[in-house]
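**Q** Below you'll find the structure I mean.
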Amino acid sequence: MDLKIAVLAGDGIGPEIMEQGVAVTKAIARKFNHNITFKEALCGAHAIDEVGDPFPEDTFQTCMEADAVLFASVGDPKFDNDPTAKVRPEQGLLAMRKKLGLFANIRPVETFDCLIHKSPLKDELVRGADFICIRELTGGMYFGQKQEGTDEAFDTNFYSRPEVERILRVAYQYARQRRKHLTVVDKANVLASSRLWRHVAQEMMGEYPDVTTDFMYVDNAAMRMIQDPRFFDVMVTENTFGDILTDEGSCITGSMGLLPSASTGEHTPVFEPIHGSWPQGKGLNIANPLAQILSVAMLFEYFDLKEEGKLIRRAVNASLDANVRTPEIQVEGAPKYGTREVGQWIVDYIDKA
Ligand code: IPM
Ligand code: MN
């Protein structure tokens, strides 16, 4: 297959984990005879410094011309600590999501048996937990009308029926391919926008009689996720709730450095780790590249290249089993591997497979 990939490495640990993501993509291309070309583009703090815009027009064009975007992370403390900053790196990410129409963010929460002990939750609760959070990504408070004053400020949690309907359809499709259980997470006891979600979902559920639909308030869902994560199969929720719940979800796994995601919608799909730019880890060769590498697996799977995705997942599992792990998940006494060494081990595994 011919594939054009736009590479947006961004800030912090982004370039380091991206290097490994690209190396793995190339290894897969060699193995399966795909013709993959890469084009790098600026985004985030990096882009603000160079051209004054966190998602420059050139980058947008590169994304539009590509078949897929591989994205790492954006963010820089120099902006976090300055509430008066007019442009922020995160705006680049939001602009990308909006301009590419990426309304569906797919965030799988899977556990790795050999890392169960790293989870802050009890083994018997976590073992076998496997669900997907489908987060609406281009609506809600992130993009609703807002006003920012020094004494008053507000954000609007706006949703329209078509926006709710299209994300619910995506969620139902996923549920159909899995254990056929969809949980719609909202705050319908308080929020008007949530009542719209619930209303639309109740109208649609009849079209998917093979899927069990249930409804859960977000506060309850946050509790249930750590009390009984195996309850969930597919959950679908609005932008802000999804942002919060997926950070919580990553904890179940034991490290944020393990969770990939895919964002799909109207234009080029984007594949990215759910973790941030971790500026403290920058340049130290200690960041876990696995979330980025698993995002590459999701990229191949999106194009129905299942064997490619499978081989990457097998290589990742093998690296964990062989204790080739970055420091945050390494077992005591075992040698510590860096970002590059973990990436190289996985590339070698794929080459030899
Ligand atoms: C995420 C991130 C972003 C979000 C930030 C960096 C704007 O936390 O992808 O979850 O809030 O969506
Ligand atoms: Mn987040």
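The values are calculated or read from the model by the stated rules, or taken from the named source; none is laboratory data. In this text the structure is predicted, and so the values were computed from the model without any measurement. Neighbour counts run over all protein chains shown; Cβ positions are idealised from the backbone, glycine included. Calculation scope for accessible area: heavy atoms of the full protein, side chains included, ligands and nucleic acids excluded. Shrake-Rupley method; radii C 1.70, N 1.55, O 1.52, S 1.80 Å.
**Q** Please find, among Asp247, Asp219, Asp210, the residue that is closer than 20 Å to Phe112 by Cα, out of contact with any Gly (no Cβ under 6 Å at 6 or more places or on another chain) and assigned by TED's automatic domain parsing to the domain that holds Leu137.
**A** Every option except Asp247 fails the conditions.
**Q** Based on this model, can you work out whether Cys43 counts as under 16 Å from Gly12 (Cα atoms), open to solvent by less than 70 Å² (accessible area, probe 1.4 Å) and hydrophobic (A, V, I, L, M, F, W, C)?
**A** yes
**Q** For segment 52-66, which positions are closer than 27 Å to Ala287 by Cα and open to solvent by 20 Å² or more (accessible area, probe 1.4 Å)?
**A** Asp53
**Q** In addition: Among the residues of segment 67-87, what is the count of those that are without any contact (Cβ under 8 Å) to a residue 40 or more places away in the chain and more than 16 Å from Gln280 (Cα to Cα)?
**A** The qualifying residues number 6.
**Q** Okay, moving on. Quick one: would you say Gly254 is within 13 Å of ligand 2 (Cβ to nearest atom) and either among the hydrophobic types (A, V, I, L, M, F, W, C) or touching a residue at least 40 places away in the same chain (Cβ under 8 Å) (or both)?
**A** Considered against the rule, which asks whether it is within 13 Å of ligand 2 (Cβ to nearest atom) and either among the hydrophobic types (A, V, I, L, M, F, W, C) or touching a residue at least 40 places away in the same chain (Cβ under 8 Å) (or both), Gly254 comes out as no.
**Q** Could you tell me how many of the residues in segment 258-303 are aromatic (Phe, Trp, Tyr), open to solvent by less than 10 Å² (accessible area, probe 1.4 Å) and within 13 Å of ligand 1 (Cβ to nearest atom)?
**A** Final tally of qualifying residues: 1.
**Q** In segment 120-138, what residues are more than 16 Å from ligand 2 (Cβ to nearest atom) and assigned to a loop (DSSP other than H, G, I, E, B)?
**A** Pro120, Leu121, Lys122, Arg127, Gly128, Ala129
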